[in-house]
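Q: Mind looking over this structure? Questions follow.
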Amino acid sequence: MSEKVPLVDYLVLDGAPHLVAQECVECGARYFGRRNACASCEGSEFRPVDVPVEGELRAFTIVSHAAAGIPVPFVAGLVDCGGTSVRANIVNTPPDPEHVRLGMKVRLATTSLGEDSKGVEAVGFGFEPVS
Amino acid sequence: MAENVWILGIHMTKFGKHPTLDVVDLGAEAARGALKDAGLRMRDVQVFGAGNLRGPGGFGQLLQKQIGQTGIPVFNVANACATGATALRVAVMAIKAGEADVGLAVGVEKLSGVGLLTGNEQAKSDTWTPAGRVGAVAALDGRVGTDTMPGVFAQIGMEYGHRYGGTSFELFARIAEKNHAHSTLNPLATYQKRFTVEQIMNDVMIAYPNTRSMCSANCDGAAAAVVVSERKLRTLSLEQQRRAVKISASVLTSDPWSEGCQVLPDINTLTRAAADQAYEQAGIGPDDLDLVELHDCFATAELVHYDNLRLCEPGGAVDFFNSGVTWRDGKKPVNVSGGLESKGHPISATGIANIWEVATHLRGEAGDRQIDGARVGLAHVIGLGSACGVHILEKAAA
């Protein structure tokens, strides 16, 4: 089996793929990525917490014009995963307003970005409609 | 209580393509126009706030080298699309603090032909190498959501629709229809062309539901304001005093933490905070406003700011717009300049240009697009990241 790396360090590929947030121990605010302190309460202790893999689409846009090299159209959205907001593309569905709807239920899906020169595959994520 | 601050002179260049003028030329035109309007000279100015994002560094000093090097302090400021309002805040704060009686603020940008303003880029490598705060092995724009402004603000409008209902592609297009219709009366606007809702909806799609004509127009332009203390104003001619416009509130906020604000920018909370502070400072409420220039960088943004600026009941922005009140002949005219969608959005100039628009109506000098009897107006600007400027202006007592 080829080696895999996640697109971002908050995507965990071991076992069932899921996202991991950094939660402020003091106030519970959640973040993705490296932190210096909590922007909400100034606390400095964080613990990793698994983010639910299912959520609700709270906002989206269908991007038809993007920076050079980015394939369009694609759907960018904001997913509410049990109270944690997650930024992601909506995948595995046609990118049009008939198939992508506010409030629809979605779940995490992984996507391949391809292999690098050493044969390592990068794996990204998106959310797909729950049928 | 610090003393009142007044706009004594203000100027906005034509917005549009200025291929032969650089940022200093445009800034000089605006600054000298504002000084002439004020009846003052650079040697009278004691503090200078200078805003420009995409030109050479040290813009304020470069401008001084063309229009007057008098040794005064220059504050070169950067606050995304709120840069102009930030430059003005610097001058206002210096006057309120008693350190100056005369201040100048200039905002200028050259954006014609720049195209889409986009986000992050990542160095190319032939192996997946983690970098940055989230250990990304590739650029995230387009892979994990979008960094482009039309897409970000589209989501902000859609989120409002999800929360309160009533939004649609057509509703957002009708907001753009209003602003383009308004622009036909503004000779300084980049575009002065009316479009039907069908034309707007069938225009090139940028980021659903924002088509091209629902996006702010990239253009070149500058605006500048000369502000003075009340003490200084009372030493000037009656004509200068008559045309002076009172800054009843000058507020700048950044975004306080809210859940999800580092995922999708929350442009609502800081705008609400700025509006509330401004109304309190001015001692007036949204019902008193005769006109509003708000930051319609995209049609989807205008809708949420009706609510954020308290122009309607919470959650009531759709009904508020549908009632027709925000058209220029309505009870609460919004963006009679044509807004950023047609007037144009030279980012650092915008936060002073919106104040120029309101001040020009309060002076009764807005020509064909004059809102009759305008006495109080509000100018709002937002820079993503975020910074929000709200200014409330009042006509001088006769």
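The values are calculated or read from the model by the stated rules, or taken from the named source; none is laboratory data. Note that the coordinates shown come from a computational prediction; the quantities given were computed from them, not determined experimentally. Glycine gets a Cβ as well: all are built from the backbone with ideal geometry, and neighbour counts include every protein chain shown.
Q: Could you pull out the residue among B:GLY145, B:GLY135 that is facing chain A (nearest Cβ under 7 Å) and crowded, with 24+ Cβ neighbours inside 10 Å?
A: Among B:GLY145, B:GLY135, only B:GLY145 is facing chain A (nearest Cβ under 7 Å) and crowded, with 24+ Cβ neighbours inside 10 Å.
Q: Which one is nearest to A:SER131 (Cα to Cα) among residues in the stretch A:21-75 that are facing chain B (nearest Cβ under 7 Å) and among the charged types (D, E, K, R)?
A: Restricting to residues being facing chain B (nearest Cβ under 7 Å) and among the charged types (D, E, K, R), the top hit is A:ARG58.
Q: Six or more apart or on different chains, Cβ atoms under 8 Å: show the pairs whose first residue is in the stretch B:199-223 and closer than 15 Å to B:LYS178 by Cα and away from chain A (no Cβ under 13 Å) and whose second is part of a strand (DSSP E or B) and not β-branched (Val, Ile, Thr).
A: B:SER216/B:PHE298
Q: Can you go through A:ALA109, A:ALA88, A:ALA76, A:ALA122 and tell me which one is touching a strand residue (DSSP E or B) at 6+ places or on another chain (Cβ under 8 Å) and over 19 Å from A:VAL20 (Cα atoms)?
A: None of the others qualify; the one that does is A:ALA76.
Q: Here are some conditions: (1) of a type in the set (A, V, I, L, M); (2) in contact (Cβ under 8 Å) with a residue 60 or more places away in the chain; (3) facing chain B (nearest Cβ under 9 Å); (4) surrounded by fewer than 17 Cβ atoms within 10 Å (Cβ to Cβ). A:VAL86 meets all but one. Which one does it not meet?
A: It fails just one condition, (4).
Q: On to the next question. Please tell me if B:THR184 is under 26 Å from the mean Cα position of the chain (by Cα) and surrounded by fewer than 17 Cβ atoms within 10 Å (Cβ to Cβ).
A: So B:THR184 passes the test.
Q: Across the stretch A:116-131, which residue is farthest from the other protein chains (Cβ to nearest Cβ) among those that are under 17 Å from A:GLU56 (Cα atoms) and in a loop (DSSP other than H, G, I, E, B)?
A: Step by step, filter the stretch A:116-131, then rank; the result is A:SER131.
Q: Tell me yes or no: at least one residue of the stretch B:155-164 is of a type in the set (Asp, Glu), closer than 21 Å to B:ALA207 by Cβ and more than 8 Å from chain A (Cβ to nearest Cβ).
A: Scanning the stretch B:155-164, I find no residue that is of a type in the set (Asp, Glu), closer than 21 Å to B:ALA207 by Cβ and more than 8 Å from chain A (Cβ to nearest Cβ), so the answer is no.
Q: With respect to the numbered conditions (1) assigned to a strand (DSSP E or B); (2) crowded, with 18+ Cβ neighbours inside 10 Å, which one is the sole condition not fulfilled by A:ASP9?
A: Single failed check for A:ASP9: (1).
Q: Of the numbered conditions (1) in a loop (DSSP other than H, G, I, E, B); (2) touching a residue at least 60 places away in the same chain (Cβ under 8 Å); (3) within 22 Å of B:GLU159 (Cβ to Cβ), A:SER2 satisfies every one except a single condition; which is it?
A: Single failed check for A:SER2: (3).
Q: Those residues that are surrounded by fewer than 23 Cβ atoms within 10 Å (Cβ to Cβ), in contact (Cβ under 8 Å) with a residue 60 or more places away in the chain and either among the β-branched types (Val, Ile, Thr) or not assigned by TED's automatic domain parsing to the domain that holds B:ALA278 (or both), I need them from the stretch B:305-334; list them, please.
A: The one that is surrounded by fewer than 23 Cβ atoms within 10 Å (Cβ to Cβ), in contact (Cβ under 8 Å) with a residue 60 or more places away in the chain and either among the β-branched types (Val, Ile, Thr) or not assigned by TED's automatic domain parsing to the domain that holds B:ALA278 (or both): B:VAL318.
Q: Evaluate the stretch A:120-131: report whether one residue or more is among the β-branched types (Val, Ile, Thr), at pLDDT 95 or above and touching a helix residue (DSSP H, G or I) at 6+ places or on another chain (Cβ under 7 Å).
A: No, because not a single residue in the stretch A:120-131 is among the β-branched types (Val, Ile, Thr), at pLDDT 95 or above and touching a helix residue (DSSP H, G or I) at 6+ places or on another chain (Cβ under 7 Å).
Q: Against the condition small (Gly, Ala, Ser) and farther than 26 Å from B:VAL226 by Cβ, how does B:GLY389 come out, does it pass?
A: Against the criterion (small (Gly, Ala, Ser) and farther than 26 Å from B:VAL226 by Cβ), B:GLY389 does not qualify.
Q: May I pose another question? Can you work out which of the residues in the stretch A:1-13 that are of a type outside the set (Val, Ile, Thr) and within 16 Å of the chain's Cα centre (by Cα) is nearest to the other protein chains (Cβ to nearest Cβ)?
A: Checked the stretch A:1-13; the qualifying residue nearest to the other protein chains (Cβ to nearest Cβ) is A:ASP9.
Matching residues to (1) more than 16 Å from the chain's Cα centre (by Cα); (2) surrounded by 16 or more Cβ atoms within 10 Å (Cβ to Cβ); (3) in a loop (DSSP other than H, G, I, E, B):
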residue	(1), (2), (3)
A:ALA59	no, yes, no
A:ILE62	yes, yes, no
A:LEU78	no, yes, no
A:HIS99	yes, no, yes
A:GLY114	yes, no, no
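Q: So is B:LEU188 within 14 Å of chain A (Cβ to nearest Cβ), of a type outside the set (Lys, Arg) and within 27 Å of B:LYS17 (Cβ to Cβ) or not?
A: The answer is no for B:LEU188.
Q: To continue, here is another question. Please go through the stretch B:245-263 and pick out each residue that is touching a Lys or Arg at 6+ places or on another chain (Cβ under 6 Å) and within 11 Å of chain A (Cβ to nearest Cβ).
A: Hit for the stretch B:245-263 is B:VAL263, nothing else.
Q: For the stretch B:99-117, does any single residue satisfy the condition of being in contact with a Ser or Thr (Cβ under 6 Å, 6 or more places away or on another chain) and either within 13 Å of another protein chain (Cβ to nearest Cβ) or among the aromatic types (Phe, Trp, Tyr) (or both)?
A: Yes, that holds for at least one residue.
Q: Condition first: touching a residue at least 12 places away in the same chain (Cβ under 8 Å), in contact with a Lys or Arg (Cβ under 7 Å, 6 or more places away or on another chain) and small (Gly, Ala, Ser). Can you find one or more residues in the stretch A:55-74 that meet it?
A: no
Q: Being under 30 Å from B:SER258 (Cα atoms) and acidic (Asp, Glu) narrows it down to one of B:GLU341, B:GLU365, so name that one.
A: Result of the check over B:GLU341, B:GLU365: B:GLU341.
Q: Take the stretch A:84-94 and flag every residue that is part of a loop (DSSP other than H, G, I, E, B) and under 14 Å from A:PHE32 (Cα atoms).
A: Those that are part of a loop (DSSP other than H, G, I, E, B) and under 14 Å from A:PHE32 (Cα atoms): none in the stretch A:84-94.
Q: Of the residues that make up the stretch B:56-66, is at least one buried (at least 17 other Cβ atoms within 10 Å of the Cβ) and within 18 Å of B:ILE247 (Cβ to Cβ)?
A: Within the stretch B:56-66, not a single residue is buried (at least 17 other Cβ atoms within 10 Å of the Cβ) and within 18 Å of B:ILE247 (Cβ to Cβ).
Q: While we're looking at this one, here's another question. Residues in the stretch B:264-284 that are within 12 Å of another protein chain (Cβ to nearest Cβ) and either under 14 Å from B:ASP307 (Cβ atoms) or assigned to a helix (DSSP H, G or I) (or both): how many?
A: Result for the stretch B:264-284: 1.
Q: Confirm whether A:ARG47 is in a strand (DSSP E or B), exposed (fewer than 13 other Cβ atoms within 10 Å of the Cβ), out of contact with any helix residue (DSSP H, G or I) (no Cβ under 6 Å at 6 or more places or on another chain) and basic (Lys, Arg).
A: For A:ARG47, the condition - in a strand (DSSP E or B), exposed (fewer than 13 other Cβ atoms within 10 Å of the Cβ), out of contact with any helix residue (DSSP H, G or I) (no Cβ under 6 Å at 6 or more places or on another chain) and basic (Lys, Arg) - is met.
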